[in-house]
Ligand SMILES: Cc1cc2nc3c(=O)[nH]c(=O)nc-3n(C[C@H](O)[C@H](O)[C@H](O)COP(=O)(O)OP(=O)(O)OC[C@H]3O[C@@H](n4cnc5c(N)ncnc54)[C@H](O)[C@@H]3O)c2cc1C
């Protein structure tokens, strides 16, 4: 696959929409254990109020609409292997991806495993979400543990997706749609 996204909260799901909509084969790994299931959102721009659980349901359906897969998997380990990444699941199965997006939320296990640079509890990234490890991006709560908000995670997901799409295309990419002309 082109992009493996580890974490199925708003950060990971948002990245998946942009990537799949623009033609990259994308899989999100997670087990629906996001902190969103404890949230009642009143501060997500454009949505006056929604439970985190309802938000997740809409978001997961939207991801599927654009052709990304969401797999109910716990990722046990990740490692670089010949210019790609090998992803190993609890149970022993493996997958391979060219890019990794880590949206692990509060538990930075995989980022630490990969040797991503941390500043205290914060996975350090550049403004495009790229970590110190080439082709490994970090979004959301992982990169901003003390300031975690759903809309920021979703925004981070969009940022890294456009960074990857732009890298692939060799020029800046935007994902804009317009209503049909009447
Ligand atoms: C009680 C409570 C109330 C909140 N209220 C609000 C609010 O009102 N407004 C607001 O904006 N935010 C609120 N939040 C915060 C909001 O839930 C987070 O900002 C948001 O969930 C962060 O999204 P994320 O995608 O960065 O990470 P998360 O949502 O934490 O998602 C990370 C996902 O990755 C999965 N994962 C981690 N490691 C692996 C692995 N190895 N393999 C597979 N999957 C893995 C986790 O299980 C999880 O599903 C609240 C949080 C709580 C706890």
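With R₀ set to 22 Å, the beta-carbon distance separating residue 69 from residue 107 gives a calculated FRET efficiency near 0.45.
Helix content alone sets the calculated 222 nm mean residue ellipticity of the chain: runs of n ≥ 4 DSSP H residues at -39500 (n - 2.57) each, divided across all residues, give -9000 deg cm²/dmol.
Indicate the gyration tensor shape class of the stretch 21-70 (rounded, prolate or oblate), computed on the Cα atoms with a ≥ b ≥ c the square roots of the eigenvalues: a/c under 1.5 is rounded; otherwise a/b larger than b/c is prolate and the rest oblate.
Details: a/c = 3.05, a/b = 1.67, b/c = 1.82.
Oblate, since a/c reaches 1.5 and b/c is not below a/b.
Roughly how many nanometres apart are two label points built 7 Å out from the Cα toward the Cβ at residue 62 and residue 77? Distance between the two pseudo-spin positions: 3.6 nm. Shape class for the stretch 48-89: prolate, because the ratio a/c of the largest to smallest gyration tensor axis (alpha-carbon atoms, square roots of eigenvalues) is 1.5 or more and a/b beats b/c.
DSSP bridge analysis restricted to the stretch 86-159 gives an antiparallel fraction near 65%, rounded to the nearest 5.
Take every DSSP beta bridge whose two residues both sit in the chain; close to 50 percent of them are antiparallel.
Give me the extension gain from residue 174 to residue 149: residue separation times 0.36 nm, minus the current Cα-Cα distance, reported in nm with one decimal.
Here the answer is 6.6 nm.
Spin-label model, residue 45 to residue 86: label points 7 Å out along the Cα-to-beta-carbon direction sit 4.3 nm apart. Note on the stretch 85-133 and the stretch 1-43: Cα centroid distance 14 Å, given to the nearest whole angstrom.
No lab work stands behind these numbers, since they all come straight from the coordinates. This structure is a prediction, so every number in the text was calculated from the model and none was measured. Here Cβ is always computed from backbone atoms with ideal geometry, including for glycine, and neighbour counts include all displayed protein chains.
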